[in-house]
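Here is the structure we will look at, set down as structure tokens.
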Amino acid sequence: MSAGRRQVLRHLSRAGLMAISALALSCIGCKSYWVDTRVENQTGQPVRQLEVDYPSASFGVNNLAPGAVMHYRFQIRGSGPVKVEYISNDGKSNRAQGLTLMERQQGQLTLRLLPLGKVEFVPSLQPAS
């Protein structure tokens, strides 16, 4: 192998190593913060028009049977309270407001729909870093 060819290969190896290092460093800086949410219907009745509002968005379902569980995963943008609204089997609108979420929090959040329109908020969240 000629000296010129070895020099070109050495240069390409260094350039490749630098590119891989730059990619690795950029991936270390990127982090997605997710909240895995579990909504449990423990009312003993079906609920309708369930909506969960969180900072900058919401999610929901038309019907949730008694004992059923709904899962949803989201990212927090901004900060604000979690609000739950649904209609019980007797046609009554039920609303509850719980904890305040902050951007870059992550972990799990359980929302338990209880009898008499009560909602239990059970967070297991890591603080925003």
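The values are calculated or read from the model by the stated rules, or taken from the named source; none is laboratory data. This one's a predicted model, so the numbers in the text were calculated from it and none came from an experiment. A quick note on method: Cβ atoms are made from the backbone with ideal geometry, for glycine too, and the neighbour counts reach across all protein chains shown. Areas reflect the complete protein model, heavy atoms only, side chains present, ligands, DNA and RNA absent. Shrake-Rupley method; radii C 1.70, N 1.55, O 1.52, S 1.80 Å.
Some points to look at:
- Flag for SER26 being hydroxyl-bearing (Ser, Thr, Tyr), at negative phi and either at pLDDT 95 or above or surrounded by 14 or more Cβ atoms within 10 Å (Cβ to Cβ) (or both): no
- Within segment 79-98, tally of residues that are at pLDDT below 95 and among the acidic types (Asp, Glu): 1
- Matching residues in segment 49-78 - criterion: being at pLDDT below 95 and either open to solvent by 70 Å² or more (accessible area, probe 1.4 Å) or within 16 Å of ARG112 (Cβ to Cβ) (or both): SER56, ARG77
- Residue in segment 82-97 that is within 15 Å of the chain's Cα centre (by Cα) and either of a type outside the set (D, E, K, R) or open to solvent by less than 40 Å² (accessible area, probe 1.4 Å) (or both) present: yes
- All positions within segment 109-129 that are loosely packed, with under 14 Cβ neighbours inside 10 Å and in contact (Cβ under 8 Å) with a residue 24 or more places away in the chain: PRO115, PRO127, ALA128, SER129
- Where a residue in segment 80-91 is of a type in the set (Lys, Arg) and its partner, wherever it lies, is assigned to a strand (DSSP E or B) and modelled with pLDDT under 95, with Cβ under 9 Å and at least six apart: LYS83/GLY98
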